[in-house]
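First the structure, in the form of structure tokens, and then the observations on it.
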Amino acid sequence: MSEEGEIADYMDFLMKRGSGELGEKMGIEILEASPDRVVGRMPVEGNRQPIGLLHGGANAVLAEGLGSIASQLHAGLNRTSVGIEISCTHHKSATSGFVTGVATAISRGKTVTCYEIVITTDEGVKTCTARLTCLILDRAPKPLS
């Protein structure tokens, strides 16, 4: 199967499965997806810490979700990608609207991938930069029950 065919099959899989239970609870929406770049957004409301700022952990969930989707697209339907390391640097806070994350491939190897994820506000202000490393395993993803 061609890479384009596998991406189409995986996008169908993603649309049926969603962005995962946590991603759905946080309101993450995937806007664009390929092995080199995934774009998604998340509402600030509902993901804030008690003082009204977007929770840093919410940034990490968005970043890992986007990078993991890109890595799984690279791995294909017959292999599984799992995150093994993430780091996030929080630059500014967000208090309302949406934040948008863009995951861009740094390295796409046979067994390890690495992505940079930049998160910005609706106004284009950079709030977080993350780096995700994933390990690719030689087994298909398990379906959700």
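The set of residues in the range 110-130 being free of Cβ contacts under 8 Å to residues at least 24 places away in the same chain and closer than 17 Å to S71 by Cβ consists of C114, E116, V118. Number of residues in the range 117-145 that are surrounded by 15 or more Cβ atoms within 10 Å (Cβ to Cβ) and in a strand (DSSP E or B): the value is 15. Annotation: E32 fulfils all but one of (1) surrounded by fewer than 17 Cβ atoms within 10 Å (Cβ to Cβ); (2) within 11 Å of G101 (Cα to Cα); (3) modelled with pLDDT of 95 or more; the unmet one is (3). The strands (runs of 3 or more DSSP E) falling completely within the range 21-116 that include 1 or more residues that are in contact with a His (Cβ under 6 Å, 6 or more places away or on another chain) map to 98-108.
Can you tell me which residue within the range 62-78, out of those that are farther than 13 Å from V102 by Cα and of a type in the set (A, V, I, L, M), is surrounded by the fewest Cβ atoms within 10 Å (Cβ to Cβ)? The selected residue is L77. Name the single residue that is surrounded by the most Cβ atoms within 10 Å (Cβ to Cβ) among those in the range 35-61 being closer than 12 Å to V102 by Cβ and aliphatic (A, V, I, L, M). Here the residue is V38.
If the condition is being β-branched (V, I, T), surrounded by 14 or more Cβ atoms within 10 Å (Cβ to Cβ) and more than 14 Å from R41 (Cα to Cα), then the range 81-116 contributes I86, T104, V112, T113.
Residue-level analysis places T133 among those that are under 22 Å from I30 (Cα atoms) and modelled with pLDDT of 95 or more.
The values are calculated or read from the model by the stated rules, or taken from the named source; none is laboratory data. For clarity, every value in this text was computed on a predicted model and none was experimentally measured. FYI the Cβ positions are ideal-geometry reconstructions off the backbone, even for glycines, and counts take in every protein chain you see.
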